[in-house]
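A short write-up of the structure that comes next.
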Amino acid sequence: MSLDPTTIEVGEEIPVWTREGTLEHWNRFAAVNYEFAGHHMDDTVGRHEGFSGAFIMAPFSHAYLHALLRQWAGEDSWIQTVDMRLKNPLFRGRTLLAGGTVTAVRRESGELLVDLDVWQHDDQGGVLGTGTATVVVPLAV
């Protein structure tokens, strides 16, 4: 299923996407990317480095924005850009919430380009990251 390009409007809030901050999720990501740093797997190491415990890998946090956009945009659309600035990490045991707001809609070369402001927070209201994204929605020919 894909977005209906006739219904996308500036100001539209896309549905919030969530993911639990678990070592199981992080371990799978670490295995694929060979990123077994102690501060991602061990609360003691995270605390030793000045954090409150183990925390998510930055590229994984960024990948979660792609998951948010893919779920919202559907199979026929594609993600052109995602630019995120991390503010704080997601800690083990917390829940990541991601969302966005449509800021512009424009037609180019037979496609609809949708610009968004995107964000990530944790379940305690902490800002994890903010940024922008552009999603391309094909127009029916």
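Applying a threshold of 6 Å to beta carbon distances and a minimum spacing of six or more residues, or different chains, the list of pairs starting in segment 33-60 at a residue that is within 12 Å of G21 (Cβ to Cβ) and ending at one that is at pLDDT 90 or above and in a helix (DSSP H, G or I) reads G53/G46; A54/G46; F55/G46. Within segment 1-30, being assigned to a loop (DSSP other than H, G, I, E, B), among the charged types (D, E, K, R) and loosely packed, with under 13 Cβ neighbours inside 10 Å holds for D4, E9.
Of N33, N88, all but one fail to be exposed (fewer than 13 other Cβ atoms within 10 Å of the Cβ) and of a type outside the set (D, E); the exception is N33.
Those strands (runs of 3 or more DSSP E) of segment 76-128 in which at least 1 residues are out of contact with any Asp or Glu (no Cβ under 7 Å at 6 or more places or on another chain) and among the small types (G, A, S), considering only elements entirely within it, cover 95-108.
Yes or no: E49 surrounded by 14 or more Cβ atoms within 10 Å (Cβ to Cβ) and of a type outside the set (A, V, I, L, M, F, W, C)? So E49 fails the test. Is it true that some residue in segment 72-90 is of a type in the set (D, E, K, R), within 30 Å of P5 (Cα to Cα), out of contact with any strand residue (DSSP E or B) (no Cβ under 7 Å at 6 or more places or on another chain) and modelled with pLDDT of 90 or more? Looking through segment 72-90, none of the residues is of a type in the set (D, E, K, R), within 30 Å of P5 (Cα to Cα), out of contact with any strand residue (DSSP E or B) (no Cβ under 7 Å at 6 or more places or on another chain) and modelled with pLDDT of 90 or more.
N33 passes every criterion in (1) over 21 Å from V135 (Cβ atoms); (2) modelled with pLDDT of 90 or more apart from (2). The set of residues in segment 90-129 being within 20 Å of A67 (Cβ to Cβ) and among the hydrophobic types (A, V, I, L, M, F, W, C) consists of L90, F91, L96, L97, A98, V102, V114, L116, V118, W119, V127, L128. Does Q80 meet the test of being loosely packed, with under 13 Cβ neighbours inside 10 Å and within 17 Å of the chain's Cα centre (by Cα)? For Q80, the condition - loosely packed, with under 13 Cβ neighbours inside 10 Å and within 17 Å of the chain's Cα centre (by Cα) - is not met.
How many of the residues in segment 105-141 are of a type in the set (D, E) and either under 30 Å from S52 (Cα atoms) or touching a residue at least 40 places away in the same chain (Cβ under 8 Å) (or both)? Steps first, answer last, please.
So in segment 105-141, the residues of a type in the set (D, E) come out as 108, 111, 115, 117, 122-123.
Now restrict to residues that are either under 30 Å from S52 (Cα atoms) or touching a residue at least 40 places away in the same chain (Cβ under 8 Å) (or both): 117, 122-123.
The qualifying residues number 3.
The condition of being over 16 Å from H121 (Cα atoms) and either more than 16 Å from the chain's Cα centre (by Cα) or touching a residue at least 40 places away in the same chain (Cβ under 8 Å) (or both) does not hold for V16.
The values are calculated or read from the model by the stated rules, or taken from the named source; none is laboratory data. Note that the structure is a prediction, hence the values are computed from the model and not measured. Virtual Cβ from ideal backbone geometry, glycine too; neighbours counted across all protein chains shown.
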